[in-house]
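The values are calculated or read from the model by the stated rules, or taken from the named source; none is laboratory data. Remember, predicted model here, so these are calculated numbers, not experimental data. Quick reminder, even Gly has a Cβ in these numbers, built from the backbone with ideal geometry, and neighbours come from all protein chains shown. The protein model used for the area step is the full one, side chains on, heavy atoms only, and it has no ligands, DNA or RNA in it. Shrake-Rupley method; radii C 1.70, N 1.55, O 1.52, S 1.80 Å.
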Amino acid sequence: MASRQLHLGAFMRPTSLHTGAWRYPGAFPDSNFNLAHLAGFARRLEAAKFDAFFMADHLAVLNMPVEALKRSHTVTSFEPFTLLSTLAAVTERIGLIATASTTFEAPYHVARRFASLDHLSGGRAGWNIVTTSNPDAALNFGFDEHMEHDERYVRAREFYDVVTGLWDSFADDAFSRDVASGLYFDPERLHVLNHKGKYFSVRGPLNIARPVQGWPVVVQAGASEAGRQLAAETAEVIFAAPPDLAAGRAFYADVKGRLDRLGRPRDHLKILPGAFVVVGDSMEEAKDKRARLDALVHEESAIAALSIALGHDATRFDPDGPLPDIPETNDSRSARERAIELARREGLTVRQLAQRLGGYAGLAFVGTPSSIADEMQEWLESEGSDGFNIMFPFLPAGLDDVVDRLVPKLKRRGIFRRDYAGTTLRDHLGLPRPANRFFA
């Protein structure tokens, strides 16, 4: 067995990021909003020994013109906690990661929900921390405009401190449940947080026992300077978005170097780039699948995707000209930078860039099971990543290709597990259970 092992997550909300996925021949058009399909996907991923089933989230309908929105399968999806609580009952080992916003949520609510999910699942919950980039989300929570980008990250750090402090409200041995004496818990093993900060005032304690994992696994995405630093300080998994191996190695070295400076062990943070995986019997067949999928993206959807990525209305640009200078906005800076870099690197016109973003423009492995296994092994062994958060091109066939054809190749090479070594998400990821900060 290889000394380093891949970690594999499955990006499942939406079930495919590709705009044309729901139209692909044989695909389930309603896979985002069909419980039977989603439960089946979760069980298939668990049988393949995936680390986690990951759900992104949106707090608003995607901010795109209705002419494009009407073509998007992401317009409707389940609320993550409701779905993952249901999936916890029909699975046994696979991790369950949900997104919760630090900009539009209250820390006490987030702490309760994740603690509950961790107990319900037997220690399989993960919290994906996001600051929310969609400006329309602000309008759904009583705000006229979105909070400034860097301030969102400052608020997120305090939010994290409050949530993790609330998870530590009870010592692990607080609940004696002594029937003879009538003592249910020891009040000396209860801590009242009494947090007062710039953004939050939270007394506590949390009214739920300490989670099975101590804390649910803390997950983060984001490539900006503020995002990288927050991840280095708080995250245990990063869902990164490098476009190629060179960028992946640079990101890996940067973030792991930040851990060194903070005194955190390098293996306490796993870096899992998002990877779009298209499997074929031959390289030509895999490329044909990708081309057929990309051809299903309508021009209105493509331009809308470009507008979202840039934070500017791309309908105003010359479609056959180069991408103009794009000033920063209060939206996601990492998405804007990735789009601009792609256009410059490949000399794309606005129309060509839109078509790429309208489908999927990020890191992709398109090839045979052996060629994709080669690429993944190179990323692992050259410290480009600790694994991948896999995105499927269409469901169910795209997922079946990965589970039935790619994963066995990885197992035979000794770089992916044949069985789970433990029962919790921390066990799968090789992460330690955090000590309670208030009780030895």
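Worth pointing out:
- Cα-projected label distance for Val179 with Glu299, points at 7 Å along beta-carbon direction, nm: 7.4 nm
- Residue-span extension gain [Arg316 to Asp419] - 0.36 nm each, minus C-alpha spacing: 31.8 nm
- Per-pair calculated FRET efficiency, R0 = 22 Å: Ala435 and Asp186 via Cβ, rounded to 0.05: 0.75
- Heavy-atom surface of the stretch 324-440, accessible at 1.4 Å and reported per residue (Å²): 41 Å²
- Kirkwood-type hydrodynamic radius, the chain: 22.6 Å, calculated from all non-identical alpha-carbon pairs.
- Among the listed pairs Lys287/Lys409; Lys270/Lys409; Lys289/Lys409; Lys49/Lys270, none has a Cα-Cα separation exceeding 25 Å.
- Set of aspartates and glutamates near Lys198 by C-alpha distance (under 13 Å), chain-local residues within fewer than 8 positions excluded: Glu151, Glu158, Asp161
- Prolate/oblate/rounded call for the stretch 333-440, Cα gyration tensor, a/c under 1.5 rounded: oblate
- One decimal place: the segment Val66-Lys287 gains 76.5 nm when fully extended, by the rule 0.36 nm per residue minus the C-alpha distance.
- Once the Cα atoms are used to define both axes, helix 333-346 deviates from the longest principal axis of the chain by about 30 degrees.
- Label positions at Glu92 and Glu381, each projected 7 Å from the Cα along the C-beta direction, are separated by 3.5 nm.
- Distance between the stretch 335-410 and the stretch 212-239 - C-alpha centres, whole angstrom: 22 Å
- Heavy-atom accessible surface of Arg23, to the nearest 10 Å², is about 120 Å², with a 1.4 Å probe and all protein chains retained.
- Three-way shape call for the stretch 370-423 based on the alpha-carbon gyration tensor, with the a/c threshold at 1.5: oblate
- Surface composition of the stretch 165-295: carbon plus sulfur atoms contribute 52% of the solvent-accessible area (1.4 Å probe, protein chains only, all chains present).
- Asp172 contributes about 90 Å² of solvent-accessible surface, heavy atoms of the protein only, 1.4 Å probe.
- Residue-normalised accessible area of the stretch 236-276, expressed per residue, 1.4 Å probe, Å²: 38 Å²
- Under 19 Å from a label point set 7 Å out along the Cα-to-Cβ vector of Arg4, the amide N atoms of the stretch 375-419 belong to 375-390, 410-418.
- Computed with every protein chain present, the accessible area of His73 is close to 30 Å² [probe 1.4 Å].
- Once the Cα-Cα distance is subtracted from the 0.36 nm per residue extended length, the Asp136 to Ala250 segment shows a gain of 37.7 nm.
- Rounded to the nearest 10 degrees, the angle from helix 350-359 to the longest Cα principal axis of the chain is 50 degrees.
- Solvent-accessible surface ranking, highest first, for Ser334, Ser282 at 1.4 angstrom: Ser282, Ser334
- Per residue, the accessible area of the stretch 1-135 comes to 36 Å² when a 1.4 Å probe rolls over the protein heavy atoms.
- Apportionment of accessible area to carbon and sulfur, the stretch 360-440, percent (1.4 Å): 48 percent
- If you take all other residues with their beta carbon under 14 Å from the beta carbon of Thr315, and give Lys and Arg +1 and Asp and Glu -1, the sum is -4.
- Relative to the dominant Cα principal axis of the chain, helix 369-381 is inclined by about 50°.
- Residue order for Glu341, Glu236, Glu92, Glu378 - accessible surface, 1.4 angstrom probe, largest first: Glu92, Glu378, Glu341, Glu236
- Computed in the context of the full set of protein chains, the accessible area of the stretch 5-164 at 1.4 Å probe radius has 56% of its extent on carbon or sulfur.
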